[in-house]
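Enquirer: Before I ask anything, here is the structure I am working with.
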Amino acid sequence: MTTSTPDKVLGFGASVMRFLESIEYRRIDNADDLEDVARIRQKAFAMVGLAPQTGTHLIDDLDFKPNAHVMGIFFDEQLVSTIRVHHVTAAQRDSVAVSHFPDIMNPLLDAGKTFIDPVRFAADPEIMREYPALPYLTLRVATMATVFFDVDYCLSVIKPNHRAFYKRVFQSIELTEPRYFERYHSNIELHGANAHELKRTLFDRYPFFRSQPHERKMMFAPREVLGLTPLTILPTARYALQQAG
């Protein structure tokens, strides 16, 4: 049973829902779009000291793996943020979580558990200052992937200062002790949100995370299923909320 209806979305939720109506999502699957993604990553990671010292591109091998889905979030026809999600299974283990925490992840995968691993979140710092809700609408991609692929857990590979956000929003818990990684000059933590519990509670607390099946299909279905890859994907949270109400 839902507790949110279209006329009861107030305060923060209503503000984010209005912002969402100005947003478009796009699958990033060509060289030009990847160049734009690299520039956003460069700007965002430079702000927190994670950009490489040489070179201007931040595209890696994982961007091209079969289980990777790179998404762009557009506002006023401009790319403002991006995220990559991996559908991680025993058969397809390519992901940041597995590479960073193999001793934790591989036994879970061997036991048949499945995951969404959202990584490479990056947002234009100038847009972020003006629209602080942008991370929610970027991470909305991860919530849709969690539903579309019907996984057991949605992961978070994060720095300690992001722990409170993921615990509050996604009810994530630590799956192991923090580990220091020289490349980040920081401890990195692996958190997981139980997907079944997440689906039970998240969409009432944050209605803008809702989506309709066809939006999720356009984001994540293989090309051979879609026929033509959509140029843009319009968010359906408000329509999904109306249906739920």
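Enquirer: So which residues in region 160-188 are under 19 Å from V98 (Cβ atoms), touching a Pro at 6+ places or on another chain (Cβ under 9 Å) and not hydrophobic (A, V, I, L, M, F, W, C)?
Expert: Within region 160-188, P178, N187 qualify.
Enquirer: Here is a further query. Does I83 meet the test of being among the β-branched types (V, I, T) and more than 21 Å from I188 (Cβ to Cβ)? I'd like the intermediate steps shown before the answer.
Expert: On the way: among the β-branched types (V, I, T): yes; more than 21 Å from I188 (Cβ to Cβ): no.
So I83 fails the test.
Enquirer: Here's another thing I want to ask about it. What are the residues in region 158-175 that are farther than 24 Å from G13 by Cα and surrounded by 18 or more Cβ atoms within 10 Å (Cβ to Cβ), if any?
Expert: Listed by number, the list holds a single entry, I158.
Enquirer: Going through A237, A195 one at a time, which residue ends up being over 26 Å from A111 (Cα atoms), among the small types (G, A, S), modelled with pLDDT of 95 or more and in contact with a helix residue (DSSP H, G or I) (Cβ under 8 Å, 6 or more places away or on another chain)?
Expert: On the way: A195 fails: over 26 Å from A111 (Cα atoms).
Testing whether each residue is over 26 Å from A111 (Cα atoms), among the small types (G, A, S), modelled with pLDDT of 95 or more and in contact with a helix residue (DSSP H, G or I) (Cβ under 8 Å, 6 or more places away or on another chain) leaves just A237.
Enquirer: With (1) free of Cβ contacts under 8 Å to residues at least 24 places away in the same chain; (2) in a helix (DSSP H, G or I); (3) of a type in the set (A, V, I, L, M, F, W, C) as the list, and F208 as the residue in question, which single condition is left unmet?
Expert: Single failed check for F208: (1).
Enquirer: It is to be established whether one or more residues within region 176-185 are exposed (fewer than 15 other Cβ atoms within 10 Å of the Cβ), over 20 Å from N67 (Cβ atoms), touching a Gly at 6+ places or on another chain (Cβ under 8 Å) and at pLDDT below 95.
Expert: Restricting attention to region 176-185, the residues satisfying the condition of being exposed (fewer than 15 other Cβ atoms within 10 Å of the Cβ) are 176-177, 179-185.
With over 20 Å from N67 (Cβ atoms) added as a condition, the list becomes 176-177, 179-185.
Narrowing further to those that are touching a Gly at 6+ places or on another chain (Cβ under 8 Å): 185.
Adding the requirement that they be at pLDDT below 95 leaves 185.
Yes: one or more hits.
Enquirer: Just give me the residues in region 219-241 being without any contact (Cβ under 8 Å) to a residue 24 or more places away in the chain and in a helix (DSSP H, G or I), in sequence order.
Expert: Of everything in region 219-241, those that are without any contact (Cβ under 8 Å) to a residue 24 or more places away in the chain and in a helix (DSSP H, G or I) turn out to be R223, E224, V225, L226.
Enquirer: Within region 82-106, how many residues are within 20 Å of the chain's Cα centre (by Cα), of a type in the set (A, V, I, L, M) and outside any strand (DSSP E or B)? Full working, then the answer.
Expert: First, the residues of region 82-106 that are within 20 Å of the chain's Cα centre (by Cα): 82-89, 92-101, 105.
From what is left, the residues that are of a type in the set (A, V, I, L, M) are 83, 85, 88, 96-98, 105.
Subsequent filtering for residues that are outside any strand (DSSP E or B) retains 96-98, 105.
Final tally of qualifying residues: 4.
Enquirer: Filter region 216-227 down to residues that are more than 15 Å from the chain's Cα centre (by Cα) and modelled with pLDDT of 95 or more and give me whichever is surrounded by the most Cβ atoms within 10 Å (Cβ to Cβ).
Expert: The first filter runs over region 216-227 and keeps only residues more than 15 Å from the chain's Cα centre (by Cα), leaving 217-218, 221-227.
Add one more test, that the residue is modelled with pLDDT of 95 or more, and what stays is 217-218, 221.
On the way: K217: 15, M218: 17, A221: 14.
Here the residue is M218.
Enquirer: Something else about it: In region 190-216, how many residues are charged (D, E, K, R) and within 19 Å of D152 (Cα to Cα)?
Expert: Let us first name the residues in region 190-216 that are charged (D, E, K, R), namely 197, 199-200, 204-205, 210, 215-216.
Of the ones still in play, those that are also within 19 Å of D152 (Cα to Cα) are 197, 199-200, 210, 216.
So the answer is 5.
Enquirer: What do you reckon, is L202 modelled with pLDDT under 95, crowded, with 19+ Cβ neighbours inside 10 Å and at negative phi?
Expert: On the way: modelled with pLDDT under 95: no; crowded, with 19+ Cβ neighbours inside 10 Å: yes; at negative phi: yes.
No; evaluated as a whole, the condition is false for this residue.
Enquirer: Same structure again: Quick check on my filter: what residues within region 89-114 are farther than 28 Å from M47 by Cβ, surrounded by 13 or more Cβ atoms within 10 Å (Cβ to Cβ) and not hydroxyl-bearing (S, T, Y)? Before the answer, list the steps.
Expert: In the first step, residues of region 89-114 are kept if they are farther than 28 Å from M47 by Cβ; the result is 89-93, 102-114.
Now restrict to residues that are surrounded by 13 or more Cβ atoms within 10 Å (Cβ to Cβ): 89-90, 92-93, 104-106, 108-109, 113-114.
Result: A90, Q92, R93, I104, M105, N106, L108, L109, K113.
Enquirer: Hey, among L62, L79, which residue is in a helix (DSSP H, G or I), surrounded by 15 or more Cβ atoms within 10 Å (Cβ to Cβ) and within 16 Å of the chain's Cα centre (by Cα)? Step through it out loud before you land on a result.
Expert: Values: L79 fails: in a helix (DSSP H, G or I).
The match here is L62.
The values are calculated or read from the model by the stated rules, or taken from the named source; none is laboratory data. Nothing here was measured: the structure is a model prediction, and the numbers come from that model. No Cβ is skipped: glycine too gets one built from the backbone with ideal geometry, and neighbour counts run over all protein chains shown.
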